[in-house]
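These notes are about the structure you will find just below.
The values are calculated or read from the model by the stated rules, or taken from the named source; none is laboratory data. Quick caveat, the model's predicted, so the values are computed rather than measured. Note: ideal-geometry Cβ built from the backbone for every residue, glycine included; neighbour counts use all protein chains shown. Heads up: the accessible areas ignore ligands, DNA and RNA and are worked out on the full protein's heavy atoms, side chains in. Shrake-Rupley method; radii C 1.70, N 1.55, O 1.52, S 1.80 Å.
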Amino acid sequence: MPASQSLFRFLKREVLVGEHEVFHRTLREELEGSCESVLDVGCGANSPLGRCGHRIPHTVGVDGYAVSIERSRAARLHHEYHCMELMDIGQRFAPKSFDAVIALDVIEHFEKPEGYRLMEMMESLARKRVIIFTPNGFLPQDVWDNNVHQLHRSGWEVYDFELRGYRVTGMSGWKPLRGDFALPTVRPSRLGSRLSILTEPFATRFPQHAFQLLAVRDMEAS
């Protein structure tokens, strides 16, 4: 392939993209076509899985906040719902009962020991893949939307996942360019967002410098 075409493909895929487009595309690529069933742990009211869930035959949303479950159900993001404590998924669902188990912006809401226990349960339920999305390091966040589960209690680093056999990709650009709720730290926000997107190719390849981490464990290869 000519160098000019390679450069254009690189720019189109990684630079000329929208806000958080790389994350959503990567999530789709990990799930679509290979996973027939997905358990969305801590699905919230507007799970990113909604962007590709219609291409997955069966998705199950689990959350401990009833209001989030009601909003997600109204939007028809999942085929099935359970309002329950997330730490009870190991008792509610049978081992290896889903192709993939995901937790997007969830594990940081637990103390570190509980977070590891949640990971163990997710791994026990997944036949093919476990996917975790979380800030890189500790990002303070208080209660909001009257949901006490939104408090951040732990921070997770690349090595926390790599030591358990996960492959880790950096997301959302260079860490200093985003802050609370992944909003740009540079103003105006449109400029800050574009600057962050321009750093995505660097952050993707060097996750220790990224704002967020996408960790994937292939259970069949474990």
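When region 95-121 is examined, which residues are found to be more than 20 Å from PHE133 (Cα to Cα) and either open to solvent by less than 60 Å² (accessible area, probe 1.4 Å) or basic (Lys, Arg) (or both)?
Result: LYS96, SER97.
Hey, could you check region 143-168 for residues that are assigned to a strand (DSSP E or B) and open to solvent by 40 Å² or more (accessible area, probe 1.4 Å) and say which is modelled with the lowest pLDDT?
TRP144
Return yes when ARG73 is out of contact with any Cys (no Cβ under 8 Å at 6 or more places or on another chain), without any contact (Cβ under 8 Å) to a residue 40 or more places away in the chain and open to solvent by 70 Å² or more (accessible area, probe 1.4 Å) and no when it is not.
Answer is yes for this residue.
Exactly one condition in (1) open to solvent by 10 Å² or more (accessible area, probe 1.4 Å); (2) under 20 Å from VAL38 (Cβ atoms) is not met by ILE132; state its number.
Against the list (1) open to solvent by 10 Å² or more (accessible area, probe 1.4 Å); (2) under 20 Å from VAL38 (Cβ atoms), ILE132 comes up short only on (1).
Working only within region 159-173, note down all residues that are of a type in the set (A, V, I, L, M, F, W, C) and farther than 17 Å from GLU120 by Cα.
Answer for region 159-173, where residues must be of a type in the set (A, V, I, L, M, F, W, C) and farther than 17 Å from GLU120 by Cα: VAL168, MET171.
Suppose we filter PRO188, PRO140, PRO207 for residues that are touching a helix residue (DSSP H, G or I) at 6+ places or on another chain (Cβ under 9 Å) and surrounded by fewer than 14 Cβ atoms within 10 Å (Cβ to Cβ); which single one remains?
Answer to the check: PRO140.
Restricting to region 160-190, count the residues that are among the hydrophobic types (A, V, I, L, M, F, W, C), under 16 Å from GLU108 (Cβ atoms) and without any contact (Cβ under 8 Å) to a residue 60 or more places away in the chain.
3
Pull up region 179-222, narrow it to residues that are within 15 Å of the chain's Cα centre (by Cα) and either of a type in the set (S, T, N, Q) or assigned to a helix (DSSP H, G or I) (or both), then point me to the one that is nearest to VAL22 (Cα to Cα).
THR204
Which of the strands (runs of 3 or more DSSP E) contained wholly in region 11-97 include at least 2 residues that are more than 19 Å from the chain's Cα centre (by Cα)?
80-83
Restricted to region 32-57, and to residues that are open to solvent by 30 Å² or more (accessible area, probe 1.4 Å) and acidic (Asp, Glu), which residue is nearest to MET122 (Cα to Cα)?
GLU36
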